[in-house]
Amino acid sequence: MDKKIALSMRGITKRFGKVIANHRVDLDVYEGEVLAILGENGCGKTTLMNMIAGIYFPDEGKIYKDGEEVVIRSPKDAFELKIGMIHQHFKLVDLFTAAENIVLGVEENGRYNLKDVNSRVSEIAQKYGFHIDPQKKIYDMSVSEKQTVEIIKVLYRGADILILDEPTAVLTPQEIEKLFRVLRRMREDGKSIIIITHKLHEVLSVSDRVAILRKGEHIATVNTCDATESSLTEMMVGQKVSLNIERNRPWDPVPRLEVKHINCRDAEGVQVLKDISFTVNAGEILGIAGIAGSGQKELLEAIAGLQHLTSGEIIFNNPKKDKPVTFFHKSMRRVKELAAQDAFHDQMGNPISFQGMSRGQIRRQVSEGAVLFREDEVIDLRHKTPLQIRELGVRLSFVPEDRLGMGLVGSMGITDNMMLRSYRKGHAGFVDRKKPKALAEEIIKELEVSTPGVNTPVRRLSGGNVQKVLVGREIAFAPKVFMAAYPVRGLDINSSYTIYRLLNRQKESGVAVIFVGEDLDVLLALCDRILVINSGEVTGIVDARTVTKEEVGLLMTKTNASEKEEA
């Protein structure tokens, strides 16, 4: 028996100025199915779904609901057609309860009866397998609970077509599996579910069909049972793409950044970091795993000089350049101390030991340029601003979680955002735009940023392209420590692997890389070690080559010392 078509799009075209976001797209959504939407960044996935949800209106084409042509000019029109969209960034009022957020905007005769609302919410939750307290405040909820509120909010309004934008972006493996169980129950109840995601293994796990977009056009829709990760990627990109993350063992790892017993409180006095200690080595990638809001953001900001510490140290071991030396100005005791630390070496990099030699023998041993000397400079970054850190000669790059709020200026073009790193080098009130423009053009070319030009405001770019600009700028700074919070969030599979290769290239160049990720499969494949954090505390530091995804998932939920020992 053929399934009934719940929604059809025919010849849908959407333009933003000269940019064509969608071009003559035809798409069908069946009742009782999970349809995944795949495509590279900037290919028009979210734009297409926003037209179904009433956020955008198509320039050309028609939309049919249950076989009849409909006009969707606003989210209100979409709700009346029983279409609801759950956005990646939740739209909830923190001070309200779950039930108050769910009923907000729903027309009622007279005053709201919250007792009836709570009962209806509990009924929906029980039907589909959600776990929710209708009277719990949003600010007390975890990310998965907030997502549950958003889903129930559209179900409460009677939606039978649900669109989920990156629904697993900030969930643990256990929470993802719980969400998938709920989606399967909704499918069995006849709901039509559309998922926008970049995680191919999740597409293959939960969807029935996959629609692939490329450069704004609908390439194909295939049955999931007939697809593989490689075949889907090839259709998305238009050519074969290697999906292997190459990971070499760290070469000559030496401590580059040492975090010692740091504690931090937020503006309201709540302790967000509790006695955190770890070391990041040069030439390795240290992954940080944890449920969203566990302190990852504050930890990286503390290292970057954006958070005030109440106690603890952040030590940066700054390598000095090799240089020829003589020892006439040094005491023999200091010479022997440095030799014991392998500070002296020849031009081939082999350590030189002066053990058992007299001063005269050492002098004869040393010839101009034959012995090289390196001594790291120890710098405490605590209580230093980002500008002070840079003035100390510390080459530290930071890709924050908030791309446009903290990383880039949305109203400025790519060239001007490159200049945020170099404008202080100008003279007499003038700035040099040639080098930033050349860098912007290089990043656009190398990372395949989809943009009309270098002066296009970055807020007009898709989220993935914004991320490429930010990552490219920070890597171009040639850092010794590179910190990235969710650098592939919102990126398509091809762009994600480009970023992974860039991080590996940094590692091979001797950079200490800190990578905060949400995909445990990637953390296990890319990183050398993984630091797991929960509620501002370190719950474990594990070897990424030997630990399992389930073990990391358990550590992400552990809180007390006994649980840590058990894990």
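Scanning region 132-144 for residues that are closer than 12 Å to Ala98 by Cα, touching a residue at least 24 places away in the same chain (Cβ under 8 Å) and either crowded, with 17+ Cβ neighbours inside 10 Å or of a type in the set (D, E, K, R) (or both) yields Ile132, Asp133, Pro134, Lys136, Lys137, Ile138, Met141.
Can you tell me which residue within region 453-504, out of those that are under 18 Å from Val409 (Cβ atoms) and assigned to a loop (DSSP other than H, G, I, E, B), is nearest to the chain's Cα centre (by Cα)?
Residue satisfying both the conditions and the ranking: Ser462.
Might you let me know whether region 415-432 holds any residue that is modelled with pLDDT of 85 or more, part of a loop (DSSP other than H, G, I, E, B) and surrounded by fewer than 17 Cβ atoms within 10 Å (Cβ to Cβ)? No: zero hits.
So that you can scan it fast, the table gives a plain yes or no per residue for (1) under 30 Å from Tyr139 (Cβ atoms); (2) basic (Lys, Arg); (3) outside any loop (DSSP other than H, G, I, E, B); (4) at pLDDT 80 or above:
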{"site": "Val222", "(1), (2), (3), (4)": "no, no, yes, yes"}
{"site": "Leu232", "(1), (2), (3), (4)": "no, no, yes, yes"}
{"site": "Met236", "(1), (2), (3), (4)": "no, no, yes, yes"}
{"site": "Asn244", "(1), (2), (3), (4)": "no, no, no, no"}
{"site": "Leu257", "(1), (2), (3), (4)": "no, no, yes, yes"}
{"site": "Lys260", "(1), (2), (3), (4)": "no, yes, yes, yes"}
{"site": "Ile285", "(1), (2), (3), (4)": "no, no, yes, yes"}
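Taking Asn41 and the conditions (1) touching a Leu at 6+ places or on another chain (Cβ under 9 Å); (2) outside any loop (DSSP other than H, G, I, E, B), which numbered condition does it fall short on, given that it satisfies the others? In the conditions (1) touching a Leu at 6+ places or on another chain (Cβ under 9 Å); (2) outside any loop (DSSP other than H, G, I, E, B), Asn41 misses (2) alone. Just one of the listed residues (Lys549, Lys507, Lys480) is basic (Lys, Arg) and in contact with a helix residue (DSSP H, G or I) (Cβ under 7 Å, 6 or more places away or on another chain), namely Lys549.
With the requirement that a residue be surrounded by 19 or more Cβ atoms within 10 Å (Cβ to Cβ) and without any contact (Cβ under 8 Å) to a residue 60 or more places away in the chain, what does region 525-546 give you? Result: Thr539, Gly540, Val542.
Somewhere in region 221-241, is a residue more than 30 Å from Arg187 (Cα to Cα), out of contact with any Gly (no Cβ under 9 Å at 6 or more places or on another chain) and surrounded by 11 or more Cβ atoms within 10 Å (Cβ to Cβ)? Scanning region 221-241, I find at least one residue that is more than 30 Å from Arg187 (Cα to Cα), out of contact with any Gly (no Cβ under 9 Å at 6 or more places or on another chain) and surrounded by 11 or more Cβ atoms within 10 Å (Cβ to Cβ), so the answer is yes. Reported count of residues in region 267-279, each being assigned to a loop (DSSP other than H, G, I, E, B) and either under 15 Å from Glu537 (Cα atoms) or touching a residue at least 40 places away in the same chain (Cβ under 8 Å) (or both), is 1.
In region 145-177, what residues are among the small types (Gly, Ala, Ser) and either within 23 Å of Glu401 (Cα to Cα) or crowded, with 18+ Cβ neighbours inside 10 Å (or both)? Correct list: Ala159, Ala169.
Please verify whether Lys199 is under 21 Å from Tyr486 (Cβ atoms) and either touching a strand residue (DSSP E or B) at 6+ places or on another chain (Cβ under 7 Å) or in contact (Cβ under 8 Å) with a residue 60 or more places away in the chain (or both), treating the condition exactly as stated.
When the stated conditions are applied, Lys199 passes them.
Sub-8 Å Cβ pairs linking a first residue in region 280-308 that is at positive phi to a second residue that is part of a loop (DSSP other than H, G, I, E, B) and of a type in the set (Lys, Arg), at least 6 apart or interchain, are Gly305/Lys384, ordered by first then second residue. The residues on offer are Leu502, Leu461, Leu447, and the sole one that is in contact (Cβ under 8 Å) with a residue 24 or more places away in the chain and within 12 Å of Asn417 (Cβ to Cβ) is Leu461.
Residue-by-condition table, conditions (1) over 17 Å from Leu555 (Cβ atoms); (2) surrounded by fewer than 22 Cβ atoms within 10 Å (Cβ to Cβ):
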{"residue": "Glu246", "(1), (2)": "yes, yes"}
{"residue": "Asp266", "(1), (2)": "yes, yes"}
{"residue": "Ser277", "(1), (2)": "no, yes"}
{"residue": "Ala282", "(1), (2)": "yes, no"}
{"residue": "Gly295", "(1), (2)": "no, no"}
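In region 204-217, the residue that is modelled with the lowest pLDDT out of those that are surrounded by fewer than 22 Cβ atoms within 10 Å (Cβ to Cβ) and out of contact with any helix residue (DSSP H, G or I) (no Cβ under 7 Å at 6 or more places or on another chain) is Lys215. Residues that are surrounded by fewer than 22 Cβ atoms within 10 Å (Cβ to Cβ) and under 21 Å from Ala302 (Cβ atoms) are absent from region 491-504 altogether.
The values are calculated or read from the model by the stated rules, or taken from the named source; none is laboratory data. It should be emphasised that the depicted structure is a prediction, and the values quoted were computed from it without experimental measurement. Here Cβ is always computed from backbone atoms with ideal geometry, including for glycine, and neighbour counts include all displayed protein chains.
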